Amino acid sequence: MQDAPAKLLLVEDNPGDARLVEELLVDDKQCHFQLVRANSLGSAHDQLERHDVAAILLDLKLPDGEGLNTLTRIHTMAPGIPIVVLSSEEDEGLAIRSVQLGAQDFLVKGSINGLLLRRSLSYAIERKRMAEQLHHLAHHDALTGLANRKLFYDRLQRSINAARRSGKRAVLMFLDLTGFKAINDSLGHQVGDLLLQGVSQRLTDCVRASDCVARLGGDEFTVLLDDVSGPEDILPIAQKILGALSEPFTLESAHLVTHASLGVALFPDDSDDAASLVRAADAAMYQAKAAAPNDSCFRFFSKELAAKTQGYADYARRLGEAFEQGEFVLHYQPEVDIRSGTVIGMEALLRWQHPQEGLLMPARFMDALEETGLIVPVGAWILRSACEQNTAWQKMGLPPLAVSVNISPRQFRQRDFVDSVAAALERTAMRGSLLELEFTEDLLRENEEHSVRTLDSLNRLGVKLTLDNFGSGVVSFKSLMKFPIHAIKIDRSLIQDASHNASGAAIAKAAIEVAHIFHIKGLAEGVETSAHLDTVKRIACDDAQGYLYSPPLPPSAFAELIQGNRPLHENSLQ
């Protein structure tokens, strides 16, 4: 039995043009669209209410709308449906503006035939489907299908906002499995992954469909409950979760009994914002773990626990001292041309050389830097130091490489951000083309008008601009057109997913192909194995970065690595 043909909404007030489109679609034997017609924006709205359409063919001149305003209004009516614009005039400027406003294509009525029309519609629908897949990957954990960290924080903020309006509570639970590392080490990662999937399913079964279960990474899970009146509503749910997780798991003939530590925090009782609510639930979880290290246990956040969070403030002060005392250092990781193995750039990565604990990774302190605002002076130091080091290497006769620096949200929002970049280049006498700045799409889309102005100013300095973590955020191909981007960095999670399944590989390949259409290079992050390298070659990535080539290195070791500009892939893979 064949699937029903996809419905296509044609919004066209000229009967002759409407007949032409209908004839083109009928004459093309490979075209399988069922046409639904509207002759105005008003009737288009009615048809969209009645029909589930796969795409929209839109004439910009209608009785109740004209020009780009027509496109904006139809896009508002149907924000998730791909739109192909039909125009009587061949106007390149109008075509570009249409695409910038969300159209998938711009066709001139007098220049189309059935094949061109079918391809345009099919490509528009397929691009939309791939964008939805990317969106799902960006918001869900690849292993368990649960919400990931990004979606969790979005849902948490929405829950807090809803609780403020309703006067009810938002409840956050932090959950950690007891002995998960030992299971992984003794039975292998495959069994560990199966256990995480089983835990995910049981957690989901314990709560309502409207609640949010997320995996933040490893064996850390969160449960977010909305519309809760008080602690008396939470107790049965916490007990149900711990009871469900205490039941044995049968995984590949292994019978596992696991326990969990659960911490519970309430908004607004324990916190007045998302960040402190997370800290409160996390602190309660560790209190539960301390109370019953070998059993299941849960704890509510308490005032006594609140005193312990004072340690966070002390930690923030310690970070400030570390910066003043020069304990922060930069390590450099090479970016490599996949075909030749030549080092074509490097990323400057922050480390904390702690006097007692040794070299600390950013995961230990980056959130605190951002929350306290210390990231602004630290970020300026990173930028300046990376430029100074790059200039010093060139004076030593080493190859001129672009150095890449991550820009934090707080840095980017500073009014003098562009001036600080210009000052760093001027002070170090480094060419702007040897500096790359990395931004996440979420950051750029906070205020698109400001972002475009800022990026254009950086472009005028000669600085290269990179869209970071492509595939982990709310990625839209529209951003590749809107922002003056030179490169995208494919997130390590997408590369790892692409190495394990065909759909992930297809999505990653599509992202690279779209980038190449706009003459944007693609760099794969997190290339750690030969399988990862094979994957990034298959999806036609240009460059790669990861431990397969080299870990981040202190300046002296990095200088030795690039001495003579030897290809890295031969050395690393031998």
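Tell me which residues, restricted to the stretch 399-427, are within 18 Å of Pro377 (Cα to Cα) and either among the β-branched types (Val, Ile, Thr) or outside the structural domain of Ser457 (by TED's automatic domain parsing) (or both).
The answer is Val405, Ile407, Val418, Val421.
Please work out if Asp13 is more than 28 Å from Met481 (Cα to Cα), acidic (Asp, Glu) and surrounded by 15 or more Cβ atoms within 10 Å (Cβ to Cβ).
yes
How about the stretch 338-358: which of its residues are more than 24 Å from the chain's Cα centre (by Cα) and over 17 Å from Phe558 (Cα atoms)?
Matches in the stretch 338-358: Arg339, Ser340, Trp352, Gln353, His354, Pro355, Gln356, Glu357, Gly358.
How many of the residues in the stretch 337-354 are part of a loop (DSSP other than H, G, I, E, B) and touching an Asp or Glu at 6+ places or on another chain (Cβ under 7 Å)?
2
Taking Glu49 as the residue in question, decide whether it is surrounded by fewer than 13 Cβ atoms within 10 Å (Cβ to Cβ), within 20 Å of Val21 (Cβ to Cβ) and assigned by TED's automatic domain parsing to the domain that holds Val108.
no
Yes/no per residue for (1) at pLDDT below 90; (2) loosely packed, with under 15 Cβ neighbours inside 10 Å:
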position: Leu121; (1), (2): yes, no
position: Met130; (1), (2): yes, no
position: Leu134; (1), (2): yes, no
position: Leu156; (1), (2): no, no
position: Ala170; (1), (2): no, no
position: Met173; (1), (2): no, no
position: Val191; (1), (2): yes, no
position: Thr204; (1), (2): no, no
position: Arg208; (1), (2): no, yes
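Just give me the residues in the stretch 490-513 being under 20 Å from Tyr123 (Cα atoms) and either buried (at least 18 other Cβ atoms within 10 Å of the Cβ) or of a type outside the set (A, V, I, L, M, F, W, C) (or both), in sequence order.
Within the stretch 490-513, Ser503, Gly504, Ala505, Ile507, Ala508, Lys509, Ala510, Ala511, Ile512, Glu513 qualify.
Filtering the stretch 549-569 down to residues that are more than 22 Å from Leu350 (Cβ to Cβ) and assigned to a loop (DSSP other than H, G, I, E, B), which residue is modelled with the lowest pLDDT?
The extreme case among them is Arg566.
Looking at Leu349, Leu330, which is the one that is out of contact with any helix residue (DSSP H, G or I) (no Cβ under 7 Å at 6 or more places or on another chain), of a type in the set (A, V, I, L, M) and at pLDDT 90 or above?
Going through Leu349, Leu330 in turn, just one is out of contact with any helix residue (DSSP H, G or I) (no Cβ under 7 Å at 6 or more places or on another chain), of a type in the set (A, V, I, L, M) and at pLDDT 90 or above: Leu349.
Would you confirm whether or not the stretch 366-380 contains a residue that is farther than 30 Å from Thr535 by Cα and part of a strand (DSSP E or B)?
Among the residues of the stretch 366-380, not one is farther than 30 Å from Thr535 by Cα and part of a strand (DSSP E or B), which makes the answer no.
Checking the conditions here, which among Ala44, Ala103, Ala95 is assigned to a loop (DSSP other than H, G, I, E, B) and modelled with pLDDT of 85 or more?
Ala103
Pick from the stretch 61-98 the residues that are buried (at least 21 other Cβ atoms within 10 Å of the Cβ) and under 27 Å from the mean Cα position of the chain (by Cα): which of them is nearest to Ile125 (Cα to Cα)?
Of everything passing the filter in the stretch 61-98, Pro82 is nearest to Ile125 (Cα to Cα).
Search the stretch 499-527 for residues being in contact with a Leu (Cβ under 7 Å, 6 or more places away or on another chain) and modelled with pLDDT of 90 or more, and hand back the single one that is nearest to Pro334 (Cα to Cα).
Val527
Output the number of the condition that Arg413 fails; it satisfies all remaining conditions of (1) more than 22 Å from Ser556 (Cα to Cα); (2) surrounded by 16 or more Cβ atoms within 10 Å (Cβ to Cβ).
In the conditions (1) more than 22 Å from Ser556 (Cα to Cα); (2) surrounded by 16 or more Cβ atoms within 10 Å (Cβ to Cβ), Arg413 misses (2) alone.
Please work out which one of (1) under 25 Å from Lys128 (Cβ atoms); (2) buried (at least 22 other Cβ atoms within 10 Å of the Cβ); (3) of a type outside the set (Phe, Trp, Tyr) is the condition Val463 fails and give its number.
Failing condition for Val463: (1).
Name the single residue that is nearest to Arg566 (Cα to Cα) among those in the stretch 376-414 being small (Gly, Ala, Ser) and at pLDDT below 95.
Among those residues, the one meeting the criterion is Gly397.
Is the stretch 257-280 home to any residue that is over 25 Å from Ser302 (Cα atoms) and among the acidic types (Asp, Glu)?
Checked against the condition, which is being over 25 Å from Ser302 (Cα atoms) and among the acidic types (Asp, Glu), the stretch 257-280 yields no hits at all.
This table checks each residue for (1) more than 30 Å from Phe365 (Cβ to Cβ); (2) in a strand (DSSP E or B).
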residue	(1), (2)
Thr250	yes, yes
His255	yes, yes
Ala265	no, yes
Gln287	no, no
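Please specify each residue of the stretch 47-61 satisfying the condition of being within 19 Å of Leu107 (Cβ to Cβ) and not in a loop (DSSP other than H, G, I, E, B).
Ala55, Ile56, Leu57, Leu58, Asp59, Lys61
The values are calculated or read from the model by the stated rules, or taken from the named source; none is laboratory data. This is a predicted model, so every value here is computed, not measured. Cβ sites come from the backbone with ideal geometry, for glycine too, and all protein chains shown count toward neighbours.
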